[in-house]
1. Answer with yes or no whether I129 is open to solvent by 30 Å² or more (accessible area, probe 1.4 Å) and within 18 Å of S19 (Cα to Cα).
2. Can you find a residue in segment 31-47 that is in a helix (DSSP H, G or I) and more than 16 Å from P124 (Cα to Cα)?
3. For segment 307-320, name all the residues that are under 23 Å from F250 (Cα atoms) and either surrounded by fewer than 16 Cβ atoms within 10 Å (Cβ to Cβ) or out of contact with any helix residue (DSSP H, G or I) (no Cβ under 7 Å at 6 or more places or on another chain) (or both).
4. Report whether or not V259 is buried (at least 18 other Cβ atoms within 10 Å of the Cβ) and under 17 Å from D330 (Cβ atoms).
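The values are calculated or read from the model by the stated rules, or taken from the named source; none is laboratory data. All values reported here derive from a predicted model rather than from experimental measurement. Using ideal geometry, Cβ is built from the backbone for each residue, glycine included, and neighbour counts are taken over all protein chains shown. Note: accessible area is taken over every heavy atom of the protein model, side chains too, but ligands, DNA and RNA are not part of it. Shrake-Rupley method; radii C 1.70, N 1.55, O 1.52, S 1.80 Å.
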Amino acid sequence: MTNDNYTGITTGTIATACSLAALDTILGTSDIACVEVETPKNTLDILIDKCESISDESACAVAHKNPYNDPDVTVGLDIVSTVELFDKTDETSNVIITGGEGVGLITKPGLQIPVGDYAINPIPRQMIIKNLSSKIPEGKVAKVTISIPEGKNIAKKTMNPKLGIIDGISILGTTGIARSMSSDAYKNSIVKQIDVAIASNIDNLVFVPGNIGEKLALNKLNVKKEQIIQTGNFVGFMFEEAAKRGIKEFTFFGHMGKVIKVAGGIFDTKHAVADGRREIMVAHAALCGVDIKHLQMLFDSKTTDDMMSILDELEVSVEVSNSIAQAIKDRCMQRFELDLDVILVDMQGNYLNDNMEMEK
């Protein structure tokens, strides 16, 4: 098992462990409390919650993901593997893997799994095959069905519906070990939005910080949900990945309080990483001629909405917003050579700048 609070085990590792435990039960091992799983990085001992025999040649096992230092919606979920042995009739693999209840189904191209298959990623599939193959009796094939009873409900809290993965969550993992949300694993999960859009030939993309930005964009702009890409806090990473994939221009739409940070060169917008909102606002207000008294009021404000109220009273809010929007464009051109159409809004979706290009 892992030794710190910052790592856990992936759903792929748990699915493999349950598959092993179920196969061992068929082969006559009793009272299985723990199995040894070989992952791409190392060997892990995984606790099994329950095993039971279904028939002479079928069994199922259940385990769950323990908490670790990450807001992971799959923590505590039961993951179930049912294994059935059949007589082998051809030269195909001796392991067949499929999904059951609560495992998502792929409906859009651009992901690692083809359309129509279950969302069990390549590395978990490889792990299951590698760990089971040597134990399967000669002349037999093991059919492995992974299911997650609560997966369909939990999927609503994930990126899966946006990616076209329906009716469940995904079985994930590249190393067997789950790391915190700030890691490459999380970044790789959100960048799939871009891959799905490209594979579906969707253009006129709109990048937004998160769910609020997406809802406002759908309400205000003439766009479809499939065009919207959520960046989370990793604005710089997502813009860089877009550029790598040949995307040179798109719309960046969001609440002033979030996207203003990019005008100051802050491309990781997590509050704990950097803020700078009031400093950026004051700088642009000063450039637009706001006097020292009101600059101090802006600096003392708690929120960007409060700042915008002050600028509204001075009748310079649009001018300042245009200056900030242009600064965001300039920063992105300097760093990524991306041409952005920047749209800044308040919490009601009202436009704050008027130097955007997109038809509103």
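1. It is true that I129 is open to solvent by 30 Å² or more (accessible area, probe 1.4 Å) and within 18 Å of S19 (Cα to Cα).
2. For segment 31-47, residues in a helix (DSSP H, G or I) and more than 16 Å from P124 (Cα to Cα): absent.
3. V318, E319, listed by residue number.
4. Considered against the rule, which asks whether it is buried (at least 18 other Cβ atoms within 10 Å of the Cβ) and under 17 Å from D330 (Cβ atoms), V259 comes out as yes.
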